[in-house]
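Asks: Just dropping this structure here.
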Amino acid sequence: MAPAARAASCHNGMSFDRFLADVKQQALAGRVSQRALSEASSYLVYDQGIVNRDRGQRVFGQIFTEFAGRMAAPYRMQQGQARIKTYGAAFARAEKEYGVPPAVIAAFWGLETDFGADNGHLPTLRSLVSLAYDCRRSQMFVDETIAALKIVDRGDLSPEEMLGSWAGELGQTQFLPSRYFAYAVDYDGDGRRDLLHSPEDVIGSTANYIASGLKWRRGEPWLQEVRVPQNLPWDQADLTIQLPRSKWLAFGVTYPDGKALPNDDLPASLLLPMGRMGPAFLAYANFGAYTEWNNSLIYSTTAGYLATRIAGAAPMHRPAGPVAQLPFNELREMQQLLVRAGFDVGKIDGVMGQQSRSAVKAMQIKLGLPADSWPTAELLARMRGPRVPSVPPAASAAR
């Protein structure tokens, strides 16, 4: 039996049962049938354990080469290539209809659930309605609960089939229900959009979402490893800055084997996930689909890199030596110091997201350090500044 819900402050102390009745009314107003609500009723219960997991989650804290080394391991590349052969017809159809290369779809499929081996085993409706009652993202999860009920109503999945992650994501590429309802397609022709059991539906639906939802550009690259010279103007290495490949060529950027970049106008950003001492990539417009899929730079870069590996690219070059990463408490301290200096870092959480990296870069420029957006011990020491000696009480009184 699920534990009793704590009355949530954002609902003015409204009990969970009263809150749920309101959600059901919203679902009916959104054209969910009474039949679907009745079928789902026994799953619409509160679970404090789900809320606790949501509040306790820690975002990707590993260094990029460690995370990518584990998640984009050779076995996952090989399995991706094997799936492309096994389901060749579905992949070919998806690329023709949506313009998304098979390797891009396969990489997300592998990263999210190991190609359906681990879709999650928690009742989706229970997770969604519990997170809806919590105050952190209440309206978002109310909407997701209603979307899940619409999936039931459409006949794609029954409530008991709806098993997924604790965060309410469904299927072999982990779609939130709103994404599932909007982008799932029936690719195997059985009349259902089944992203839990049908690889063909997974392939077509993922391609549809990447193309239609994330605005994939047909025929364009997404990520390519490059080699950068030590005299590069580091402040240009930023996802918010796009320059033509001819400009990167002029800066001395090459392919990893030393071959020249094309001398053309295709815009690209220079991505340094671990600063100037780590791997370097040119990120094209299509890389935006990865950061939209998951805004963690570690995850999105790993997903893009894995797709290049499945498509046949060589393994990335490892740094010549270890690249130091500040511990969590020092990253938090750096964020606090950046805020004190007037920069916007987003949340002070010890995670170097895009806002924090942009603030780091601005501070590096201010202090005359190489502006590669990587938080270093040297930068932290400079930001701390010289310690001001405390004034003895007697000296203070004599003034």
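Asks: Taking the simple approach of a point 7 Å from Cα along Cα-to-Cβ for both Ser246 and Ala314, what is their distance in nm?
Replies: A separation of 2.8 nm, rounded to one decimal place.
Asks: Setting aside same-chain residues fewer than 8 positions from Lys361, which aspartates and glutamates have a Cα under 14 Å from its Cα?
Replies: Asp235, Asp238, Asp344, Asp372, Glu378
Asks: Efficiency by 1/(1 + (r/R0)^6): what FRET value for His197 and Met14, r their Cβ-Cβ distance, R0 = 30 Å, to the nearest 0.05? Don't skip to the answer; put the middle values down first.
Replies: Working: r = 38 Å, r/R0 = 1.25.
Given R0 = 30 Å and the Cβ-Cβ separation, E is 0.20.
Asks: Here's a follow-up. Under 20 °C and 1.002 mPa s, how fast does the stretch 202-259 diffuse according to Stokes-Einstein, given a Kirkwood radius computed over C-alpha pairs? Answer in µm²/s, whole number.
Replies: Taking Rh from Cα pairs, D becomes 154 µm²/s.
Asks: Now for a different question. In whole angstrom, note down how far apart the Cα centers of the stretch 163-180 and the stretch 208-227 are.
Replies: Measuring centre to centre over Cα atoms gives 22 Å.
Asks: Keeping all protein chains in place and using 1.4 angstrom, which order do His197, His121 fall into by accessible surface area, from largest down?
Replies: Largest accessible area first, the list is His121, His197.
Asks: What do you reckon, how do Lys247, Lys361 stack up by accessible area (1.4 Å probe), largest on top?
Replies: Ranking Lys247, Lys361 by accessible area, largest first, yields Lys247, Lys361.
Asks: In the neighborhood of Val152, defined by Cβ-to-Cβ distances under 11 Å, what is the net charge if each Lys or Arg adds +1 and each Asp or Glu adds -1?
Replies: Working: positive: Arg35, Lys150, Arg154; negative: Glu39, Asp153, Asp156, Glu160, Glu161.
Cβ neighbours under 11 Å give a net charge of -2.
Asks: Per DSSP H run of n ≥ 4, the term is -39500 (n - 2.57); total these for the chain, divide by its residue number, and report the mean residue ellipticity at 222 nm rounded to 500 deg cm²/dmol.
Replies: -14000 deg cm²/dmol
Asks: While we're looking at this one, here's another question. For the full complex of protein chains and a 1.4 angstrom probe, list Trp166, Trp248, Trp293 by accessible area with the highest value first.
Replies: Trp166, Trp293, Trp248
Asks: Return the tail of the calculated pair distribution for the chain, meaning the percent of Cα-Cα pairs more than 42 Å apart.
Replies: The answer is 23 percent, as a whole percent.
Asks: Another question, then. What lysines does Lys85 reach when the alpha-carbon gap must be under 19 Å and sequence neighbours fewer than 8 apart in one chain are set aside?
Replies: Lys96
Asks: Across the Cα atoms of the stretch 61-125, what radius of gyration and what greatest pairwise Cα-Cα distance (Dmax) are found, in Å?
Replies: My reading of the Cα-based Rg and Dmax gives 13.8, 38 Å.
Asks: So, one more: Straight distance only, please: which aspartates and glutamates reach the Cα of Lys347 with their own Cα at less than 13 Å, same-chain residues fewer than 8 apart left out?
Replies: Here the aspartates and glutamates satisfying the reach criterion relative to Lys347 are Glu333.
Asks: Treat every Asp and Glu Cβ in the chain as -1 and every Lys and Arg Cβ as +1, leave all other atoms uncharged, and give the resulting dipole magnitude about the Cα centre to the nearest 20 debye.
Replies: Dipole of the chain, to the nearest 20 debye: 1300 debye.
The values are calculated or read from the model by the stated rules, or taken from the named source; none is laboratory data. Here the structure is a predicted model, which is why all the values come from computation and not from measurement. We place every Cβ from the backbone using ideal geometry, glycine too, and count neighbours over all the protein chains shown. Quick note on the areas: whole protein, heavy atoms, side chains included, nothing else; ligands and nucleic acids left out. Shrake-Rupley method; radii C 1.70, N 1.55, O 1.52, S 1.80 Å.
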